[in-house]
Amino acid sequence: MKKLKGITYIIVSLILLQLFGFFSTPTVKANTNIPDNFNKNLDLEEIFVYNVTAFNISKPLEWLDVDWMAPSKGFANTTAGGQIKVNFTGFYDKDPNDSFNIFNSPMPYMNIEFIEKKFGNLISNTTFYNVSNGEADLNLLLGYNQFKSGFLIPLSNISWLKQHAYAQDVPPFMNATVTIQETATRITFDFHQKTGLEQKTKSTYDKISGLLVYTNTSFGNYTLEMTLVNIPSFPSTEQFIASYQIYIICGAIIITTIISITKLKKRIKNNKML
């Protein structure tokens, strides 16, 4: 009987160990400086790499300050097969000159490195340091009009984002066809300007991390297409719901196992009494 009881404990212990081992999640570095409307699991030390598949080759990109009266910050260039690397430096107040932008403080700031592919080698071209999300959008055209979504969007109110994206159709000069596509994990903003240089910008964001994962944008002779290579894996609401379901299943297995062992013990006891 003692041997059977020991076996029972061993079986239940193994099931519990597998259960807790299954649900143990990798430690994700959280940063307390990240505002509540952004994903707090975002690692500010990680470098996010975008593979470039198209870039304007007619001339380098002149990088402008959000203050239109300030001189430009220099020129940048990448190539098809090159890369753009982004690492966030923190969240700070919005530049007062960045007034033509619906996104407010605190705003993500970042370093942006442009890398060219020459003769099969990746060569750094230039880096702009600690620029705001609004400034990055202004120069790379990742959003449209006042919807300067840049490299990282706030996640607290997706409905607010969609409402303001649709509101960017502003005749007569900034009228555009605005299309939004949404799945459980991605949201895509597609702007087609109907006048002027007819900006066409399609940017897709990960709804869990808030990161830009793909863009294809053009304006006059400027073009940029790039895709994020290292999308971080964070727990999502859907994953938590699934976890609760599996907990119930595993709990049922444990209870069923205990009942079966108890019945087996009674059967053995009854056989001994006969």
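Observations, loosely collected:
- Checking Pro154 against (1) surrounded by 15 or more Cβ atoms within 10 Å (Cβ to Cβ); (2) touching a strand residue (DSSP E or B) at 6+ places or on another chain (Cβ under 9 Å), the condition it does not meet: (2)
- Counted residues, the range 108-143 - those being touching a residue at least 24 places away in the same chain (Cβ under 8 Å), more than 22 Å from Asn221 (Cα to Cα) and small (Gly, Ala, Ser): 1
- Thr179 being touching a His at 6+ places or on another chain (Cβ under 9 Å) and assigned to a strand (DSSP E or B): yes
Here is a yes/no grid of residues against (1) among the hydroxyl-bearing types (Ser, Thr, Tyr); (2) in contact with a Leu (Cβ under 8 Å, 6 or more places away or on another chain):
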position: Gly120; (1), (2): no, no
position: Ile123; (1), (2): no, no
position: Thr127; (1), (2): yes, no
position: Asn130; (1), (2): no, no
position: Asn139; (1), (2): no, yes
position: Tyr144; (1), (2): yes, no
position: Ser149; (1), (2): yes, yes
position: Leu155; (1), (2): no, no
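- Each residue in the range 149-183 was checked for being free of Cβ contacts under 8 Å to residues at least 24 places away in the same chain, aliphatic (A, V, I, L, M) and under 30 Å from Asn87 (Cβ atoms), and 1 pass.
- Of the residues in the range 184-192, not one is of a type in the set (D, E, K, R), touching a Ser or Thr at 6+ places or on another chain (Cβ under 9 Å), assigned by TED's automatic domain parsing to the domain that holds Tyr92 and not in a strand (DSSP E or B).
The values are calculated or read from the model by the stated rules, or taken from the named source; none is laboratory data. Remember, predicted model here, so these are calculated numbers, not experimental data. Cβ sites come from the backbone with ideal geometry, for glycine too, and all protein chains shown count toward neighbours.
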